[in-house]
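Beneath this line is the structure, given in structure tokens, with notes to follow.
The values are calculated or read from the model by the stated rules, or taken from the named source; none is laboratory data. Note that the structure is predicted; figures quoted are calculated from it, not measured. Reconstructed Cβ throughout: ideal geometry from the backbone, glycine too, with neighbour counts over all protein chains shown. SASA here: full protein model, heavy atoms, side chains in, ligands and nucleic acids out. Shrake-Rupley method; radii C 1.70, N 1.55, O 1.52, S 1.80 Å.
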Amino acid sequence: MKNKVLFIVTVVVVFLLGLLASSIVNRKNEAKYKYVPQVDISANEPRNDEWGKNFPQEYQSFLQTEQNDFESYQGGSKMRDMLEEDTRLVILWAGYGFSKDYSQGRGHQYAIEDIHNSLRTGGPKGNGDGPMPATCWTCKSPDVPRLMNEIGIDEFYKGKWADKGEEVVNPIGCADCHDSKTMKLTITRPALVEAFESMGKDINKATHQEMRSLVCAQCHVEYYFNKNIPGKEGIPYLTFPWKNGMSVDAMEKYYDEIEFKDWTHKLSKAPMLKAQHPGYETYLTGVHADRGVSCADCHMPYKSEGGQKFTDHHIQSPMNNVANSCQVCHREEAEKLRANVYERQQKSTDSRLKLEDAIVRMHIEAKKCWDLGATEEQMESILLDIRHAQWRWDYAAASHGASFHAPVEIGRVISSGLDVATEGRVKLARLLADLGYNKPVEMPDISTKEKAQEYIGLDIEKLTKEKNEFKKNLLPKWLETAEKREETYSSK
């Protein structure tokens, strides 16, 4: 009887081992023969669906960046009107495009659509029209490296945003980060290469793991448009201010030394800096970067389907994908991890909003000084304080996830901003007294976005009408021209 049981058990074990061996062999064969090119992708191919014919799993996951229903504490993919949520932003950016329109960014699939719709790009009627330079297209599409290769970098940066409208139509995708022949990660935006050169570094020596962050750093960084490069005068040339380093202090020093300003504030007349989105710079100061974790490890973690391991191109907040991002290293429950992240972000936001409130008051108090007859000499150091305080506020705010990526550094940045703002408001109080005004400056009613925009003199009805006319008349022509051009592209 015992021999019979032992025989049956042996048969079952052998059978199961056979199934396991067969599964392993099948999975190995799948992996071995996975990549069978369906088309020959050309060097400047901007169409993501063409790349998808060779890389269907990556492409299908990339299409999920269309999902726009996830909202985290500080971001996510859901479109949110940030000016409605915090009306003080209108005052901070008075005289700059962000006071017209600032919405939470959606997934990469919406890069072109959202910039078409934004009031910041205006309502151009044709080439040479509108408020924005062509350089503003740089991070929006794989059509950008195509155009740079076809017409040259300088020529791409020249002119107005509307001048390149019919050329830049494909949303952020494959050709922005990959070499079409080797599929290796590659840098397609010259500004990042040039920034490394300015620091005496060779980006070609970057490791593969470093490249998994550097391809993101092509766009998720602080930058400005330099119109004073010898031999390129007048061209708004995309430049990263990293010559002195990537810290908030080093970039501030760089901008001060070249006397650069993004705009003059409409109320305070301060020469302002607008932090764009220094995500890479702040990430480098955090513990994850110190441990060798790349951007892709958390925002594009590996996944497996049918025995195939590949990078998930549904680029998104790790808070919507905790199992594949955070829990690869951290063993806590998903909700516990989310709570930890949101708690850190909440504490940072509490401090940042105190700084924000102080800067809003500085702008309005400075306007009062001007109204009372203050001189440029009297205002000089005050305006510099406003510039420096808001630069620190914006550096902390615009880097989005930095309060998680680098909470210690962001805490330092905000606290230094509070110090500058406090000193500036003391100067303002003294000047107001010297000008005969010895009481608190009355704050305007900015309880809604509309009231705040009216206070700074924005005609949103006019801007919206111009935008609607652009979408009705010019935009369809762009898309029609682009469609006809792409019909001439060949797939082998």
So SER325 clears everything in (1) over 23 Å from THR207 (Cα atoms); (2) in contact with a helix residue (DSSP H, G or I) (Cβ under 8 Å, 6 or more places away or on another chain); (3) not aliphatic (A, V, I, L, M) except one condition, right? Which one? (1)
Any residue at all in the range 460-470 that is under 31 Å from the mean Cα position of the chain (by Cα), at pLDDT 95 or above and closer than 26 Å to ARG47 by Cβ? yes
Filter result for PHE156 (in contact (Cβ under 8 Å) with a residue 60 or more places away in the chain and assigned to a helix (DSSP H, G or I)): no
Which number in (1) assigned to a loop (DSSP other than H, G, I, E, B); (2) surrounded by fewer than 17 Cβ atoms within 10 Å (Cβ to Cβ); (3) charged (D, E, K, R); (4) touching a Pro at 6+ places or on another chain (Cβ under 9 Å) marks the one condition that LYS53 misses? (1)
Just the residues that are in contact with a helix residue (DSSP H, G or I) (Cβ under 8 Å, 6 or more places away or on another chain) and either under 18 Å from GLY173 (Cα atoms) or open to solvent by 50 Å² or more (accessible area, probe 1.4 Å) (or both), please, taken from the range 198-220. ASP202, ARG212, SER213, LEU214, VAL215, CYS216, ALA217, GLN218, HIS220
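Okay, residues lined up against (1) more than 15 Å from ILE187 (Cα to Cα); (2) part of a loop (DSSP other than H, G, I, E, B):
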site	(1), (2)
HIS116	yes, no
GLY126	yes, yes
ASP129	yes, yes
THR135	yes, no
CYS139	no, yes
PRO145	no, no
MET148	no, no
Return a yes/no flag: does the range 264-286 have any residue that is part of a helix (DSSP H, G or I) and open to solvent by 60 Å² or more (accessible area, probe 1.4 Å). no
MET251 vs. criteria under 23 Å from GLN104 (Cα atoms), of a type outside the set (S, T, N, Q), buried (at least 20 other Cβ atoms within 10 Å of the Cβ) and in contact with a Leu (Cβ under 9 Å, 6 or more places away or on another chain): no
Of (1) assigned to a helix (DSSP H, G or I); (2) over 30 Å from ASP290 (Cβ atoms), GLY417 satisfies all except one. Which? (2)
Filter the range 300-321 for residues that are touching a helix residue (DSSP H, G or I) at 6+ places or on another chain (Cβ under 7 Å), closer than 24 Å to PRO278 by Cα and either small (Gly, Ala, Ser) or without any contact (Cβ under 8 Å) to a residue 40 or more places away in the chain (or both) and give the result. PRO301, PRO318
With the condition kept exactly as written, say whether any residue in the range 217-236 is part of a helix (DSSP H, G or I) and either within 16 Å of the chain's Cα centre (by Cα) or at negative phi (or both). yes
Taking the range 430-447 and keeping only residues that are out of contact with any helix residue (DSSP H, G or I) (no Cβ under 8 Å at 6 or more places or on another chain) and of a type outside the set (Asp, Glu), one is left with ARG430, ALA433, GLY436, LYS439, PRO440, SER447
Positions within the range 87-101 being in contact with a helix residue (DSSP H, G or I) (Cβ under 8 Å, 6 or more places away or on another chain) and either open to solvent by less than 50 Å² (accessible area, probe 1.4 Å) or farther than 20 Å from LEU353 by Cβ (or both), in sequence order: THR87, LEU89, VAL90, ILE91, LEU92, TRP93, ALA94, GLY97, PHE98, SER99, LYS100, ASP101
Among (1) surrounded by fewer than 16 Cβ atoms within 10 Å (Cβ to Cβ); (2) farther than 16 Å from HIS265 by Cβ - the single one GLN316 does not satisfy: (1)
When only residues in the range 374-431 that are open to solvent by 10 Å² or more (accessible area, probe 1.4 Å) and acidic (Asp, Glu) count, which is nearest to GLY286 (Cα to Cα)? GLU409
Return yes or no: is SER351 open to solvent by 40 Å² or more (accessible area, probe 1.4 Å) and polar (S, T, N, Q)? yes
Filtered residue count, the range 435-447, keeping only those that are touching a Ser or Thr at 6+ places or on another chain (Cβ under 8 Å) and open to solvent by 50 Å² or more (accessible area, probe 1.4 Å): 1
Tally, over the range 264-319, of residues that are among the aromatic types (Phe, Trp, Tyr) and over 20 Å from GLU252 (Cα atoms): 2
The range 159-184, residues that are crowded, with 19+ Cβ neighbours inside 10 Å and among the hydrophobic types (A, V, I, L, M, F, W, C): TRP161, ALA162, VAL168, VAL169, ILE172, CYS174, ALA175, CYS177
